[in-house]
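Engineer: Pasting a structure below so you can have a look.
Coordinate-derived values only; no laboratory data. Quick caveat, the model's predicted, so the values are computed rather than measured. Counting neighbours? That spans all protein chains shown, and the Cβs are built from the backbone with ideal geometry, glycine included.
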Amino acid sequence: MVRTKESDLGKKAVLRGVRMSPHKVRRVLDQIRGRTYEEVLILLEFLPYKARIPILKVVYAAGANAKNNFGLERAALYISKAWVDQGPKMRRFRPRAQGRAFPIAKPTCNITVFVKSK
């Protein structure tokens, strides 16, 4: 679920509980930070990373929020801030030999994107 709200920094969209490592999402966010809204949409279409799909949803939601709630044109927007935080880890156990078990941590993350008008 993408949550949107206004902040002092601009228009915000958050996607929580993405089943992906924050490290993998961070390498994509580093490439889009500071770019224009339209440029980011084009860039995310062609990046070879799996993390581009949830980031594309958040960027699109932030742009839609800015347009619908504040009357801003999408062509005049840029990504002012974008970051990813670690979410709760799902803890699982893998059975091993002789009745032992090894823990497995399946990470989740929360993606936050701010857009501003130029």
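Engineer: About the Cα centre, and with charges only on the beta carbon of Lys, Arg (+1) and Asp, Glu (-1), how big is the dipole of the chain? Nearest 20 debye, please. Mind dumping the intermediate values first?
Structural biologist: Values: 26 positive and 8 negative charges, 171 e Å.
So the magnitude is around 820 debye.
Engineer: Okay, moving on. What are the residues whose amide H is under 5 Å from the amide H of residue 81, where those residues sit 5 or more places off or on another chain and H is modelled from the backbone?
Structural biologist: Amide H neighbours of residue 81: 114.
Engineer: Taking the Cβ of residue 72 as the centre, find all other residues whose Cβ is under 11 Å away and add up their charges (Lys, Arg: +1; Asp, Glu: -1). Before the final figure, lay out each step's value.
Structural biologist: On the way: positive: 11, 67, 74, 116, 118; negative: 73.
Value of the local net charge: +4.
Engineer: Once fully extended, how much extra length lies between residue 85 and residue 108, figured as 0.36 nm per residue of separation less the alpha-carbon to alpha-carbon distance?
Structural biologist: The residue 85-residue 108 span can extend by a further 7.4 nm.
Engineer: How high is the relative contact order of the chain, in percent, with contacts defined as C-alpha pairs under 8 Å that are six or more residues apart?
Structural biologist: Over the chain, the number comes to 37 percent.
Engineer: Using only Cα atoms, find the angle between the long axis of helix 22-32 and the longest principal axis of the chain, and express it within 0 to 90 degrees, rounded to the nearest 10.
Structural biologist: Roughly 20 degrees, rounded to the nearest 10.
Engineer: Extending each Cα 7 Å along its Cβ direction at residue 76 and residue 45, get the distance between those two points in nm, one decimal.
Structural biologist: 2.4
Engineer: Over the stretch 2-117, what per residue volume does the convex hull of the Cα atoms give, in whole Å³?
Structural biologist: Working: hull volume 10.7 nm³, N = 116.
Once divided by residue count, the hull of the stretch 2-117 is 92 Å³.
Engineer: Then there is this: Please give me, ordered by residue number, the trypsin sites (Lys or Arg not before Pro) of the stretch 43-78 that lie in loop per DSSP and have at most 16 other Cβ atoms within 10 Å.
Structural biologist: 50
Engineer: DSSP loop (so not H, G, I, E, B), at most 12 other Cβ within 10 Å: list which chymotrypsin sites (Phe, Trp or Tyr not before Pro) in the stretch 1-100 pass both filters.
Structural biologist: Within the stretch 1-100, no chymotrypsin sites (Phe, Trp or Tyr not before Pro) qualify (loop, at most 12 other Cβ atoms within 10 Å).
Engineer: Give 50/118; 81/116; 24/50; 12/57; 57/81 a once-over and call out the pairs whose C-alpha atoms are over 18 Å from each other.
Structural biologist: Beyond 18 Å between Cα atoms: 50/118.
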